[in-house]
Amino acid sequence: MSNARLIFGFHAIASRLRQNPASVKEIFIDVGRRDQRARELAQLAESQGVRLISCDKARMEGIAGNARHQGVAARIDASRSYVDIEDVLDTLTEPALLLVLDGVQDPHNLGACLRVADALGVHAVIAPKDRAVGLTATVHKVASGAADAVPYVSVTNLARSLRGLKQRGVLIVGATADADSNLTSMELRGPIAWVLGAEGEGMRRLTRETCDRLVSIPMLGSVESLNVSVTAGICVFETRRQRCLSGTE
């Protein structure tokens, strides 16, 4: 399998099984893992017809190398990409949390955004096909596995895709330095898609106009803007923080 890759960790593998089961070829699990997470993953794999292979600790370490694996790894076919955002939304059991990147062209920034998305449980990253870097080799390297763990949805018309998300009940919120509303004053507990613009240019006009709301991050120092991945981390973390406090997750 020329496009075979390994992904690690329960969250990444369960997400891949739910959203793109055809891409998962086999799962390796440490024979010592007999807890609830391991049982749930085994049940999910069985329901999708994916082969589950029990391994001793030494073999698991050999498969994972230096990766943080939690005692589980999966071999996937990375050429089987996610089709569209509907595939992701239809599998969710909690309010949607999406990250939309309007024209990010630096592979290091995209890789860092994917790492943020994976760490904070973003359900998908959405980006336009044009004026965007895409999943290059550099992006995969910087993302450190997150490019395989987080669904990356490339769309032809970003504004139309955002309108489609609105029809599914998702609030579209753009982060921009010149917004009047402050991040900390906004309620972020329902389905939400965070929209961030490209390096230096920000969101395109039509993307900005499609947003339901625009918010800014409070800046207390001398710098006027933040890197897009830093902005993503702050916005998504605040969303998760509010959801934890309200008991919606």
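The values are calculated or read from the model by the stated rules, or taken from the named source; none is laboratory data. Bear in mind the structure is a predicted one, so any value in this text is a computation, not a measurement. With ideal geometry, Cβ positions are generated from the backbone for all residues, glycine too; neighbour counts draw on all protein chains shown. These area figures cover heavy atoms from the full protein model, side chains too; ligands, DNA and RNA do not enter into them. Shrake-Rupley method; radii C 1.70, N 1.55, O 1.52, S 1.80 Å.
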Angle between the chain longest axis and helix 107-119 axis [Cα atoms, degrees, rounded to 10]:
70 degrees
Using 0.36 nm per residue of separation minus the Cα-Cα distance, give me the extension gain between Cys244 and Arg37 in nm, one decimal.
72.5 nm
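Note down the net charge around Glu26, summing +1 for each Lys or Arg and -1 for each Asp or Glu among other residues with Cβ under 14 Å from its Cβ. Before the final figure, lay out each step's value.
Working: positive: Arg5, Arg16, Lys25, Arg51, Arg59, Arg75; negative: Glu46, Asp77.
Net charge in that neighbourhood comes out at +4.
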Taking Cα atoms, the helix 10-19 axis meets the longest principal axis of the chain at an angle in degrees (rounded to 10) of 80 degrees
Against the longest alpha carbon principal axis of the chain, how many degrees, from 0 to 90 and to the nearest 10, is the axis of helix 36-47 turned?
80 degrees
Starting from the Cα of Val223, step 7 Å along the direction of its Cβ; do the same at Arg205; then give the gap between the two resulting points in nm.
3.0 nm
Expressed as a percent, the accessible surface of segment 67-127 that is carbon or sulfur, using a 1.4 Å probe and the full set of protein chains, is 45 percent
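Probe radius 1.4 Å, ligands and nucleic acids ignored: give me the carbon and sulfur share of the accessible area of segment 1-45 as a rounded percent. Each step should come with its number before you reach the end.
On the way: 1000 of 2230 Å².
Within segment 1-45, the accessible surface is 45 percent carbon and sulfur.
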With unit charges on the beta carbons (Lys and Arg positive, Asp and Glu negative) and the dipole taken about the Cα centre of the chain, which residue among Phe10, Val155, Leu52 sits farthest to the positive side?
Leu52
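Quote the charge dipole size of segment 21-87 about the Cα centre in Debye, to the nearest 20; the model charges only the Cβ of Lys and Arg (+1) and of Asp and Glu (-1). Walk me through the intermediate numbers first.
Working: 11 positive and 11 negative charges, 74 e Å.
Value, rounded to 20: 360 debye.
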If I take R0 = 25 Å and measure r between the Cβ atoms of His108 and Asp56 in this structure, what FRET efficiency does the formula 1/(1 + (r/R0)^6) give, to the nearest 0.05?
0.10
Accessible surface ranking that places the most exposed of Glu94, Glu26 first, with a 1.4 angstrom probe:
Glu94, Glu26
Work from the charge dipole of segment 173-249 (Cβ charges, +1 for Lys and Arg, -1 for Asp and Glu, about the Cα centre) and give the residue of Gly247, Ser222, Ala175 farthest towards its positive end.
Gly247
For segment 71-156, what is the accessible area per residue in Å², given a 1.4 Å probe and the full set of protein chains?
37 Å²
Counting heavy atoms of the protein chains only and a 1.4 Å probe, report the per residue accessible area for segment 1-45 as a whole number of Å².
50 Å²
Cα gyration tensor shape for segment 86-220, rounded if a/c is under 1.5, else prolate or oblate:
rounded
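Could you check how much of the accessible area of segment 158-249 is carbon and sulfur, as a whole percent, using a 1.4 Å probe?
Numbers: 2420 of 4910 Å².
Heavy-atom surface of segment 158-249 belonging to carbon and sulfur, 1.4 Å probe: 49 percent.
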With every protein chain kept in place and a 1.4 Å probe, segment 164-241 has an accessible area per residue in Å² of 53 Å²
